[in-house]
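Student: Take this structure, written in structure tokens, and hold onto it; I'll ask about it next.
The values are calculated or read from the model by the stated rules, or taken from the named source; none is laboratory data. The structure displayed is predicted, hence computed values, not measured ones. Glycine also receives a Cβ, built like all others from the backbone with ideal geometry; neighbour counts cover every protein chain displayed.
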Amino acid sequence: MKIFLYFAFNFFSLLFLPISLFSATNTVNISIYNDSKPSSVIISPFDGGYEVKGDDKFIYQLEPKDAIQIISEDNLIYVKTLNQTLGKFTRLKVIRKQGAGTFKIKSLIPNTEERVYFGNLSLSVYGKKIKIINHVNIEDYISGVVESEAGTKQNLEYYKVQSIICRTYALSNLRKHAEEGFHLCDGTHCQVYYSKNRINPEITKATEETKGLVIVDSDINIITAAFHSNCGGQTVNAEDVWKYSLPYLKSVCDTFCTAQPHASWQKKIPLSNWINYLDKKHNYPVNDSIYLACALNYIPPPDRNPHLLNTDIPLPLKEMRKDLDLRSTCFSISKIESDSVLITGNGYGHGVGLCQEGAMKMAERGIPFDKILHYYYTNIHLIDLSLLDFFKD
Ligand SMILES: [Zn+2]
Ligand SMILES: [Zn+2]
């Protein structure tokens with residue numbers, strides 16, 4: 001299996017397209033503090049000045065070491081500086097004067113850690129909360145997302161993998177919040193974006209070196225770039241977790257993740273809880289001694305299956321994972337002591353698409369980012385976004 005896939009890497013590498021410049025107009029609109037919904041924030045330039053506009057009129061020149069505080073009041077935005085009141089407005093814009101630069105923003109109510117972002121801001125009030133949209137170049141957004149999603153201690157090839165996945169996700173989900181007037185939120189609902197990339201310059205390098213690259217399927221449509229923490233040794237078909245099948249999200253063997261931090265787990269639950277769950281939730285015949293014995297001693301087959309299958313009553317693993325708060329759907333069951341059941345599992349997450357810990361290990365071993373992506377996603381191509389229309393034509 002592995003040998004075949006390595007040959008497949010080389011074949012698909014021929015289709016790898018050169019990187020070209022991504023248009024400077026590619027700005028994405030991200031709702032920041034989307035989950036915490038602040039009612040008071042403070043904004044201060046980190047480097048360089050910003051123009052502040054209230055209801056489209058210039059109201060203040062914001063320079064480094066100065067700050068404005070914004071408070072939701074009477075369904076309006078109340079703005080003040082360190083020593084003066086600027087008034088109340090329906091909409092507020094904070095716009096970079098010239099060149100690239102960053103500003104600091106901190107939510108005061110609720111009190112959260114300071115964040116730093118590139119780009120501009122639009123603010124408005126809904127209910128008693130402030131809606132804050134960061135208008136940012138997609139590549140600056142991607143490097144912030146990669147730091148939030150992948151951490152700061154990976155190597156360059158892994159950051160390239162994660163950059164391409166996050167860019168692909170962003171581009172295929174630009175309409176996710178269309179009704180609310182922005183592209184994506186900054187929480188786990190979309191992609192975590194809690195700051196610009198602040199710590200690891202390798203992330204910025206990875207984003208730049210893969211600039212504009214996205215993953216497309218054999219019909220040159222941007223893919224659903226699903227990923228998870230650890231597959232436990234074999235990834236899962238999309239149709240086994242979701243309601244539909246996707247030709248590029250097919251189960252593959254993965255020997256790279258099996259000694260990684262989230263490769264295995266255990267959970268002990270009271271025997272009575274387990275029996276009660278099977279009975280009440282799945283109408284499982286727990287009073288039949290043969291069926292009960294099956295439910296107390298289960299080893300999964302080598303190939304992953306959507307059901308727990310050692311009886312003629314298939315129990316849906318996806319549902320069991322959610323109900324019992326298990327890390328994955330790949331697990332065995334054994335009765336221990338007289339009153340407990342031990343669930344022993346592999347992997348962490350839904351198991352579909354790219355396995356992050358497997359990809360990290362591959363990157364550590366010197367396998368290039370494009371080969372890693374071709375390993376986990378079947379029959380895909382990497383393509384520069386600016387060439388997408390050309391290929392579609
Ligand atoms: Zn969202
Ligand atoms: Zn894996």
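Student: Please go through the range 2-61 and give me each residue that is at pLDDT 50 or above and either within 16 Å of ligand 1 (Cβ to nearest atom) or touching a His at 6+ places or on another chain (Cβ under 7 Å) (or both), ordered by number.
Tutor: THR27, VAL28, ASN29, ILE30, SER31, ILE32, TYR33, ASN34, ASP35, SER36, LYS37
Student: Can you find, within the range 227-260, the residue that is farthest from ligand 2 (Cβ to nearest atom) among those that are in contact with a Cys (Cβ under 8 Å, 6 or more places away or on another chain), part of a loop (DSSP other than H, G, I, E, B) and hydrophobic (A, V, I, L, M, F, W, C)?
Tutor: Filtering first and then ranking leaves PHE256.
Residues checked against (1) touching a Pro at 6+ places or on another chain (Cβ under 7 Å); (2) assigned to a loop (DSSP other than H, G, I, E, B):
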{"position": "SER72", "(1), (2)": "no, no"}
{"position": "ASN83", "(1), (2)": "no, yes"}
{"position": "LYS104", "(1), (2)": "no, no"}
{"position": "LEU121", "(1), (2)": "no, no"}
{"position": "VAL125", "(1), (2)": "no, no"}
{"position": "ILE133", "(1), (2)": "no, no"}
{"position": "VAL136", "(1), (2)": "no, no"}
{"position": "GLU157", "(1), (2)": "yes, no"}
{"position": "LYS160", "(1), (2)": "no, no"}
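Student: Here is a further query. List every residue pair whose Cβ atoms sit under 7 Å apart, with the two residues 6 or more apart in sequence or on different chains, where the first one lies in the range 278-299 and is within 19 Å of ARG321 (Cβ to Cβ) and the second, anywhere, is aromatic (Phe, Trp, Tyr).
Tutor: LEU278/TYR284; TYR284/TYR291; ALA295/TYR284
Student: Filter the range 168-185 down to residues that are in contact (Cβ under 8 Å) with a residue 24 or more places away in the chain and out of contact with any Lys or Arg (no Cβ under 9 Å at 6 or more places or on another chain), then give me how many there are.
Tutor: 7
Student: Something else: Just to check your reading of the model, which residue among LEU387, LEU326, LEU354 is buried (at least 20 other Cβ atoms within 10 Å of the Cβ) and in contact (Cβ under 8 Å) with a residue 40 or more places away in the chain?
Tutor: LEU354
Student: Determine whether the range 344-355 contains at least one residue that is within 16 Å of CYS330 (Cβ to Cβ), modelled with pLDDT of 95 or more and away from ligand 2 (no atom under 16 Å from the Cβ).
Tutor: yes
Student: Got a sec? Which of THR188, THR224 is in a loop (DSSP other than H, G, I, E, B), within 16 Å of ligand 1 (Cβ to nearest atom), closer than 17 Å to HIS381 by Cβ and β-branched (Val, Ile, Thr)?
Tutor: Every option except THR224 fails the conditions.
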